[in-house]
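Below is one structure, written out as structure tokens, with a few remarks after it.
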Amino acid sequence: MKNELRKRRRQQLKKLERQGRRHAPLEEGEVLVRLRGLLYEGPSARTWGQLAEAVDAWPDGPELEVALSYLEAHLEGWPDVLRVNSGRAMSWLRRLFAGLNEPRLGLLRTLSISPEQPLEPLELRLLGESPWTRHLTGLLIHQPRLHQARACLEELLRGRRLPRLTTLELEGFPVEPQRFDEVLAQLQGGPLQRLLLRSCGLRSAVAGLARVELPALEELALGEQLGAEAWRLLGDAPWWGGLRRLELRWEHQMTGRPLRGLLHRVGGMPRLEHLGLEQCGLQAADVRALLDADLPALRTLDVRGNLLTLPDLLALMRRFPGLEAAAFSGEGLGVDELFEVLAARPPGAWLPSLMAAARRFGKGAEGVELTLGLLALDGADAGATRQLVQAAREFPPRSARRLMEALIAQRAWEAWPAPVQGLMRDLLPELTVPELRAWMAWRGHTRGLPRLRLQLLAAAQALDAP
């Protein structure tokens with residue numbers, strides 16, 4: 001095994017030497033200017049990839065130390081899940097496996113193992129022995145080769161080598177009760193805040209999860225079919241009442257009594273802010289359980305993938321009027337039922353899903369009327385109105401003109417000038433002279449937009465010409 005490891009290291013060293021360094025050394029000021037420009041774009045996977053590429057281009061030396069110190073200070077506010085070994089950052093791990101000193105690894109906070117970021121057994125062994133892993137806060141294992149994933153978990157969790165772990169995601173990782181209990185034992189009493197388990201065959205190991213003490217756990221995401229007994233055990237878990245986010249997906253055996261029991265357990269989950277019940281086959285009894293549940297902190301609700309009836313949907317809207325975001329699927333609702341929803345003047349949080357349902361009726365009269373009805377609602381926020389404006393550019397001229405008039409009446413051009421201007425330009429060839437003059441006479445709608453005003457004037461003059 002040692003000979004094989006030395007051979008692998010030599011191969012990786014040769015590969016790194018062939019790649020070389022293509023960038024000339026930069027002055028310290030140039031380093032900071034380049035990093036500052038990238039950081040200005042804000043936290044995102046794209047920005048992280050650009051930062052990793054920029055830092056990877058600089059050779060070891062004083063300028064790299066300056067860059068790393070600067071980044072360490074300015075990445076503190078970033079979500080740790082973004083600081084992951086993707087793209088160019090994966091080469092930092094390769095250098096570690098080749099026996100090189102790699103100071104850039106200090107920027108990583110999350111380790112991801114997936115078909116896109118695969119690791120070999122020998123590399124996992126080296127990773128488990130490296131003191132660098134003590135800085136990791138996230139471990140994501142998605143659809144791995146099974147023997148690699150198990151080896152990784154055992155190496156990393158043995159001896160609590162991940163003392164700062166706050167996020168653990170396992171997807172496509174079949175668990176065995178005894179092995180999973182050993183993993184949970186290493187997490188006992190630790191800082192774990194987010195746990196995601198999907199397609200892991202958790203039913204046989206759910207008892208261990210229900211027993212473990214996870215005092216910091218706030219978010220649980222499960223994509224399993226567990227059944228009533230498993231949900232009863234989880235509802236009695238010591239960490240259940242402290243959850244702030246609960247996401248359940250594909251749990252078709254959870255409907256009826258199991259869901260009602262979960263939502264009413266441990267004081268009604270007073271801290272729960274997000275509840276996701278996507279593709280759970282919800283029925284009328286489950287909706288009644290939601291209506292009766294004591295969820296004073298609930299801010300977002302996701303019931304997509306469930307065929308809700310019109311009474312159920314209206315009842316949920318009335319029960320949770322103060323939500324910040326709500327999502328549902330409208331596939332089971334016809335156009336008449338959607339008009340009934342509009343007549344009930346739903347809260348603004350439900351409008352994006354209603355808009356998506358209205359799109360199913362396309363450019364026809366029904367789709368236009370639904371869109372106009374949505375725009376007339378007081379709860380339409382900036383994002384929803386912007387999407388409505390963009391969708392209107394696909395409507396026939398007569399219908400688009402009606403929407404344009406509604407937008408002008410709401411002074412929408414002040415908040416979203418770009419899409420409104422685009423819609424007005426689209427309509428120019430279809431307008432009559434009286435309409436053009438009326439639009440120009442409307443106070444302020446072209447103020448500050450001289451190019452559009454000139455286009456309106458030119459169009460009016462062209463129509464006046466013999």
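Of 161, 145, all but one fail to be at pLDDT below 85, surrounded by 14 or more Cβ atoms within 10 Å (Cβ to Cβ), closer than 16 Å to residue 119 by Cα and not aromatic (Phe, Trp, Tyr); the exception is 145.
Criterion applied to 326, 315 was being surrounded by fewer than 18 Cβ atoms within 10 Å (Cβ to Cβ), within 17 Å of residue 347 (Cβ to Cβ) and aliphatic (A, V, I, L, M), and the one residue passing it is 315. Selection of first residues in the stretch 235-253 that are within 20 Å of residue 169 (Cα to Cα) and in a strand (DSSP E or B) and of second residues that are at pLDDT below 85 and not charged (D, E, K, R), restricted to Cβ pairs under 7 Å at least 6 apart or on distinct chains, gives the following pairs, ordered by first then second residue: 248/254; 248/280; 249/223; 249/279.
Out of 54, 89, which single residue is surrounded by fewer than 21 Cβ atoms within 10 Å (Cβ to Cβ) and on the phi < 0 side of the Ramachandran plot?
54 is the lone residue from the list that is surrounded by fewer than 21 Cβ atoms within 10 Å (Cβ to Cβ) and on the phi < 0 side of the Ramachandran plot.
The residue that is surrounded by the fewest Cβ atoms within 10 Å (Cβ to Cβ), counting only those in the stretch 57-86 that are within 19 Å of the chain's Cα centre (by Cα) and in a loop (DSSP other than H, G, I, E, B), is 77. Checked against (1) of a type outside the set (Lys, Arg); (2) touching a residue at least 40 places away in the same chain (Cβ under 8 Å); (3) over 29 Å from residue 176 (Cβ atoms), residue 74 passes all but condition (2). Look through the stretch 258-277, keep the residues that are among the charged types (D, E, K, R) and closer than 19 Å to residue 316 by Cα, and return whichever of them is modelled with the highest pLDDT. Filtering the stretch 258-277 for residues that are among the charged types (D, E, K, R) and closer than 19 Å to residue 316 by Cα, the one modelled with the highest pLDDT comes out as 273. The C-beta contact set for the stretch 325-351 (first residue over 13 Å from residue 311 (Cα atoms) and modelled with pLDDT of 80 or more, second residue among the aromatic types (Phe, Trp, Tyr) and surrounded by 14 or more Cβ atoms within 10 Å (Cβ to Cβ), distance under 6 angstrom, 6+ apart or interchain) comprises 326/350.
Consider residue 403 carefully, then state whether it is among the aliphatic types (A, V, I, L, M), part of a helix (DSSP H, G or I), crowded, with 19+ Cβ neighbours inside 10 Å and at pLDDT below 65. Taking the combined requirement at face value, the residue satisfies it.
Output yes when any residue across the stretch 36-43 is more than 22 Å from residue 164 (Cα to Cα), modelled with pLDDT under 80, assigned to a loop (DSSP other than H, G, I, E, B) and of a type in the set (D, E, K, R), and no when none is. Taking every residue of the stretch 36-43 in turn, none turns out to be more than 22 Å from residue 164 (Cα to Cα), modelled with pLDDT under 80, assigned to a loop (DSSP other than H, G, I, E, B) and of a type in the set (D, E, K, R).
The values are calculated or read from the model by the stated rules, or taken from the named source; none is laboratory data. Just so you know, these numbers come straight off a predicted model, no measurement behind them. Positions of Cβ are backbone-derived with ideal geometry, glycine not excepted, and every protein chain shown enters the neighbour counts.
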